[in-house]
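So the structure is just underneath, and the comments pick up after that.
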Amino acid sequence: MNAPPLSPSSPVLLDAIVVGAGFSGLYQLLLLRDKLGLSVKVLDAAQGVGGTWYWNRYPGARCDSESHSYAYYFSKELLNEWEWSERYPQQPEILRYLNHVADRFDLRSDIVLGTKVQSAHYGDTDKRWHITTDTGQTYSAKYFITAVGCLSSANIPTISGLDSFSGQWFHTGEWPHEGVDFKGKNVGVVGTGSTGIQAIPVIAEQAKHLTVFQRTANYSIPARNMPLDDAFKRYAKENADHFREVMTTNTNAHPFRLSERLAFDFSEAERNQIYEEAWLKGGLQFRASFKDLLQNSDSNQTAADFIRNKIRQTVTDHVKAEQLSDIDHPFAAKRPPIDSGYFETFNLTHVDLVNLRETPIESITPRGIKTSTTEFNLDVIVFATGFDAMTGSLLKMDIQGRHGVSLQKTWQAGPLNYLGLQVPGFPNMFTITGPGSPSVLCNMPPAIEHHVEWITNCIEHLQKNKMDSIEASQHASENWVATVNAAANETLLPQAKHSWYLGANVPGKPRVFMPYPGGFLRYRTTCEEIVNKGYAGFIVGSE
Ligand code: N01
């Protein structure tokens, strides 16, 4: 006989609730359930597992990390049995991989899909988290763990008239599962970040006419994607330990190390030869050409000039070439995109570029987009306008800690947190790859594995020592935010004034540098030292 449906009035009692069934949530469920033996449920609004990769189905969506590194490394068996087909994995392949992980580790029975968390309130009396959802089912758990992703809350610009548009419009991060047919259509893409740069060449292949609305010109390096041959697949598997070692002991958790060279230790010709080789090799590794590209403006300028020249050589129309290469920030101060034919796309006669710095968007009309000079007739508008990054998805939930104080209030001046793992006033709540962690400055899976293992070890420590709670102290959190911003100020990163790293892409969001830019190794070492000092900066105890 089937069990009767749970009554919404009776909460499901658990040890832990995890919000989000992407890379983080799946691994967190596995460790808490199978390693610690806790009762756990993962809640996710989507109808499938995958997190970011469930939602981001826009044309051309693929990962900029190389596939052999964009994977879990905790299981040798999993590494050995999974075959990636291309140098950079496409969204459907990553989604298949995460579904495989869910099946292989028998995770599905503890994942509740189609369930959006509406609120999570800490009970001062019972010391538990009380969670409400849009299905009416409620939960009560000792530990509340957010695995909501850093780039999951779509940033849809508030442009007047959008409601009046008679065509279709989409945000890349909320792409319809049935896809969008661009054939024979006049399409406008707003946004030229990593997403727009991936989508624009693919949309251009299908659309009758494409207009790209560019507010900030961007650097991009050719990805040089290609199918992986058997020799490389074998090599990646045989050298998995080596790759893991490199990824966990460098600055950015990618499977390559930053060069020890300084840009001005070489003549201009030698330096350009180094850039040329990196350009031909393709990918994010370009920024590792010299050690000081993000520290020294003059060094950075040499990379910026090299890329600008490449843009001018590639784009045949002089006006477009100037607009595409008129970049206002240092190279890699914003997350550097990689592309497959982005600049070449502007040589197609049916692709136009509109420079929003000269002619800003004034409104959206029933027919299309109206700038200060022209009304562009469009059938489809694609907003590749990014995300309310790092804090957006957390703040959308009504999270309240001790004494009913909301996360919104605690983060009024920016995301106060300790190590990107905990927030003062929110006991037993953990934020996987939360603001203040290196996360988005890294290849994400190693950063996620580190956080999930740290949280698991922390909970195991509490259980073993009969301790009931852990909470970041106010003082340690304030110091950590200062540490993050001081580390950012040692680099050129804050010079990208419109960057989502700073929250500057969302009107009204406090300008605080959010990810920790001191490097993955330094961060991991700091986390380890804090544990060795008895969780220094955390208030640990029985209540
Ligand atoms: O978003 P973005 P994204 N009017 O914020 C423009 C990750 N990612 O989705 O720079 C006009 O970078 C905005 O202009 P400006 C990766 O970490 C990973 O592209 O603010 N334009 C900018 O051009 C990446 O960094 C992969 O002046 C407006 C663009 O929209 C992050 O996601 C693949 C506007 C937004 O760029 C976000 O990238 C893709 C407006 N009102 C992305 N508002 C992987 O490989 C915004 N823009 C894993």
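A few points about this structure:
- More than 21 Å apart - percent of Cα-Cα pairs taken over the stretch 46-145: 49
- Quarter of the Cα convex hull surface for the stretch 219-260, i.e. its orientation-mean projected area (nm²): 4.2
- Kirkwood hydrodynamic radius computed over the stretch 219-291 comes to 13.9 Å, based on all pairs of distinct alpha carbons.
- Sorted largest first, the spans of the alpha carbon positions of the stretch 168-321 along the three principal axes are 50, 41, 25 Å.
- For residue 163 and residue 39, the FRET efficiency from 1/(1 + (r/R0)^6), where r spans their Cβ atoms and R0 equals 45 Å, is about 0.50.
- Rg [Å, one decimal], Dmax [Å, integer] - the stretch 346-422, C-alpha atoms: 20.4, 61
- Computed E for residue 265/residue 124 - FRET, C-beta separation, R0 45 angstrom, nearest 0.05: 0.15
- The equivalent ellipsoid that matches the C-alpha gyration tensor of the stretch 150-208 spans semi-axes of 18, 17, 12 angstrom, in descending order.
- Virtual spin-label span in nm between residue 402 and residue 533, 7 Å along Cα→Cβ: 2.1
- Counted by Cβ distance under 12 Å from residue 454, the other residues give a net charge of -3, where Lys and Arg count +1 and Asp and Glu count -1.
- A compact globular protein would have a Cα radius of gyration near 2.2 N^0.38 Å; the ratio found for the stretch 389-543 is 1.01.
- Nearest-10 value in Å² for the accessible area of residue 403, using the 1.4 Å probe: 150
- Of all beta bridges that DSSP places with both ends in the chain, some 40 percent have antiparallel geometry.
- Surface per residue (accessible, 1.4 Å probe) for the chain, Å²: 41
- At q = 0.08, 0.09, 0.13, 0.17 Å⁻¹, base-10 log of I(q)/I(0) for the stretch 322-466 (Debye sum, equal scatterers on each alpha carbon): -0.42, -0.52, -0.86, -1.08
- Distant-in-sequence amide contacts of residue 422, defined by a placed amide H-H separation under 5 Å and a gap of 5 or more residues or a different chain, comprise 431.
- Computed over the alpha-carbon atoms, the stretch 411-467 gives an Rg to Rh ratio of 1.02, Rh here being the Kirkwood radius from the mean inverse distance.
- Over the stretch 19-70: Kirkwood hydrodynamic radius from C-alpha pairwise inverse distances, Å: 12.5
- Ranking of 251, 491, 125 by solvent-accessible surface, largest first: 125, 251, 491 (1.4 Å probe, protein heavy atoms only, all chains present).
- Working note: Cα atoms of the stretch 255-322, range along each principal axis, descending, whole Å: 38, 26, 20.
- In this view, the solvent-accessible surface of residue 86, computed with a 1.4 Å probe and all protein chains in place, comes to about 40 Å².
- Fraction of accessible area attributable to carbon and sulfur, the stretch 1-156 (%, probe 1.4 Å): 53
- Every Cα-Cα pair of the stretch 190-256 was included, and the share exceeding 15 Å stands at 70 percent.
- Taking label positions 7 Å along the Cα-Cβ direction at both residue 245 and residue 498, the computed distance is 4.4 nm, reported to one decimal.
- Ratio Rg/Rh, restricted to the stretch 101-237 and using Cα atoms, in which Rh is the Kirkwood radius: 1.08
- Beyond 12 Å, the tail of the calculated P(r) for the stretch 83-133 holds 75 percent of the Cα pairs.
- Accessible area ranking (1.4 Å probe, heavy atoms, ligands and nucleic acids excluded), largest first, for 348, 280, 502, 419: 280, 348, 502, 419.
- Taking the Cα atoms of the stretch 241-358, the ratio Rg/Rh between the radius of gyration and the Kirkwood radius comes to 1.01.
- Debye-sum result for the stretch 361-401 in log10 I(q)/I(0), which assumes one identical scatterer on each alpha carbon, at q = 0.18, 0.20 Å⁻¹: -0.65, -0.69
- Taking a quarter of the surface of the Cα convex hull of the stretch 1-100 gives a mean projected area of 8.7 nm².
- The listed residues 529, 449 rank as 529, 449 when sorted by accessible area, largest first, using a 1.4 Å probe.
- Positive-end ranking of 372, 55, 139 along the dipole of the chain, with charges on Cβ about the Cα centre, is headed by 139.
- Accessible area of the stretch 221-348 belonging to carbon and sulfur atoms, whole % at 1.4 Å probe: 49
- Stretched out straight at 0.36 nm per residue, the stretch from residue 178 to residue 525 would grow longer than its current Cα-Cα span by 120.4 nm.
- Size check on the chain: the Cα extents along the three principal axes, sorted descending, read 69, 57, 48 Å.
- Heavy-atom accessible surface of the stretch 419-486: percent carbon and sulfur, 1.4 Å: 53
- Modelled spin-label separation between residue 232 and residue 486, with each label point placed 7 Å from Cα along the Cα-to-Cβ direction: 4.2 nm.
- Residue 322 accessible area, assembled protein chains, probe 1.4 Å, Å²: 70
The values are calculated or read from the model by the stated rules, or taken from the named source; none is laboratory data. Keep in mind that this is a model prediction, so the values were computed, not measured. Heads up, the Cβs are rebuilt from the backbone with ideal geometry, glycines too, and the neighbour counts pull from every protein chain shown. Please note that ligands, DNA and RNA were not included when accessible areas were found on the heavy atoms of the full protein model with its side chains. Shrake-Rupley method; radii C 1.70, N 1.55, O 1.52, S 1.80 Å.
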